[in-house]
Amino acid sequence: MSKDLPIGFFDSGIGGLSMLAAVMKRLPYERFVYFGDSAHAPYGTKSEQEVRELTMSAVQFLTKRGIKALVVACNTATSAGIGALRDRYDFPVIGIEPALKLAHDTRKEGLILVLATPLTVASEKYHSLFEQYGEHAITLPSPGLMDFVEREEMNSPALQQYLSDLFEPYKDQSIDAVVLGCTHYLFLKDAIASCLPKYTRLLDSNDGVARQLIRKLTEQNLLSDAKDAGYVDIISTGKAEKERQLHRILKVAQSLF
Ligand code: DGL
């Protein structure tokens with residue numbers, strides 16, 4: 001395996017760019033290839049079988065181009081297909097799961113609310129995570145929430161309405177943390193925070209994923225030796241406009257994360 005190959009990133013659309021931006025900051029000399037499966041988004045309201053097949057074909061595409069490691073920058077695809085990917089490929093495969101353990105381990109008092117797609121929260125993987133760390137948590141499947149991000153509606157009245165309906169049942173309770181269990185939701189941080197008390201923490205998994213990726217690359221001696229700035233190739237299964245959107249949103253993500 002050559003250390004000059006790029007690191008592959010994969011998501012159903014825009015969401016994984018938040019994680020790519022976080023990783024690029026830590027690994028400025030690496031090359032990246034980002035695959036956004038916009039033509040088939042959203043994943044979170046599809047069946048596990050469908051998402052597993054979409055994930056496999058996206059990753060096959062990336063491996064044909066050549067990658068030295070893969071980040072599945074999508075909680076939904078990770079919950080549906082990470083096992084099959086790890087069985088098939090021998091390069092490092094890093095997945096993402098909602099940061100419920102972090103929320104549990106750092107909780108002071110009050111509720112933990114987990115926002116994630118319907119498919120993520122229905123998965124076996126999530127059930128076992130919840131069994132271990134869900135004592136004070138409530139799961140809020142959020143169908144349709146990622147679509148606001150894909151439409152770049154990060155602060156519309158319709159989004160505000162969606163969020164206030166979602167949090168309404170908990171308005172009289174203390175909410176210690178909200179777990180952003182879908183990579184798209186990182187782009188909605190401000191809108192989500194505006195519906196919650198100031199003390200509520202918004203938690204994501206970007207830091208853990210970046211550290212895990214660096215650990216695996218280091219262990220397998222796959223970190224690039226390059227000393228010139230790395231770059232990103234972006235591929236979208238959607239129309240040309242979607243690919244342009246991914247380039248544009250990556251710049252936004254780099255200024256945010
Ligand atoms: N960004 C994805 C996640 O982290 C999935 C969004 C979707 O396609 O429904 O779960």
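The values are calculated or read from the model by the stated rules, or taken from the named source; none is laboratory data. All values reported here derive from a predicted model rather than from experimental measurement. Methodologically, a virtual Cβ is constructed for each residue, glycine included, from the backbone with ideal geometry; neighbour enumeration extends over all protein chains shown.
Quick notes on this one:
- Of all residues making up segment 200-241, the number that are of a type in the set (D, E, K, R), more than 30 Å from D176 (Cβ to Cβ) and within 18 Å of the chain's Cα centre (by Cα): 0
- Screening A116, A77, A103 for residues that are touching a residue at least 60 places away in the same chain (Cβ under 8 Å), within 30 Å of P197 (Cβ to Cβ) and in contact with a Ser or Thr (Cβ under 9 Å, 6 or more places away or on another chain) leaves exactly one candidate, A116.
- Residue count, segment 103-123 (criterion: within 16 Å of the ligand (Cβ to nearest atom) and either small (G, A, S) or in a helix (DSSP H, G or I) (or both)): 7
- Set side by side, the residues L188, L256, L246 differ, and just one is hydrophobic (A, V, I, L, M, F, W, C), within 18 Å of the chain's Cα centre (by Cα) and surrounded by fewer than 17 Cβ atoms within 10 Å (Cβ to Cβ), which is L256.
- Helices (runs of 4 or more DSSP H) wholly inside segment 139-257 that include at least 2 residues being in contact (Cβ under 8 Å) with a residue 12 or more places away in the chain, more than 22 Å from T106 (Cα to Cα) and in contact with a strand residue (DSSP E or B) (Cβ under 7 Å, 6 or more places away or on another chain): 206-219, 240-256
- Residues that are within 17 Å of S12 (Cα to Cα) and surrounded by fewer than 20 Cβ atoms within 10 Å (Cβ to Cβ), drawn from segment 148-180: R151, E152
- Verdict on Y133 being away from the ligand (no atom under 11 Å from the Cβ), closer than 19 Å to V178 by Cα and modelled with pLDDT of 95 or more: yes
- When each of T200, T183, T218 is tested for being touching a Ser or Thr at 6+ places or on another chain (Cβ under 7 Å), at pLDDT 95 or above and either surrounded by fewer than 13 Cβ atoms within 10 Å (Cβ to Cβ) or polar (S, T, N, Q) (or both), the lone residue that passes is T183.
Conditions (1) small (G, A, S); (2) farther than 28 Å from Y43 by Cα; (3) at pLDDT below 95, marked per residue:
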{"residue": "C195", "(1), (2), (3)": "no, no, no"}
{"residue": "R211", "(1), (2), (3)": "no, no, no"}
{"residue": "S224", "(1), (2), (3)": "yes, yes, no"}
{"residue": "Y231", "(1), (2), (3)": "no, no, yes"}
{"residue": "A240", "(1), (2), (3)": "yes, no, yes"}
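For every residue, the table says whether it meets (1) without any contact (Cβ under 8 Å) to a residue 60 or more places away in the chain; (2) closer than 30 Å to Q173 by Cα; (3) hydroxyl-bearing (S, T, Y).
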{"residue": "I14", "(1), (2), (3)": "no, no, no"}
{"residue": "V23", "(1), (2), (3)": "no, no, no"}
{"residue": "Q49", "(1), (2), (3)": "yes, no, no"}
{"residue": "I82", "(1), (2), (3)": "yes, no, no"}
{"residue": "I94", "(1), (2), (3)": "no, no, no"}
{"residue": "P98", "(1), (2), (3)": "no, yes, no"}
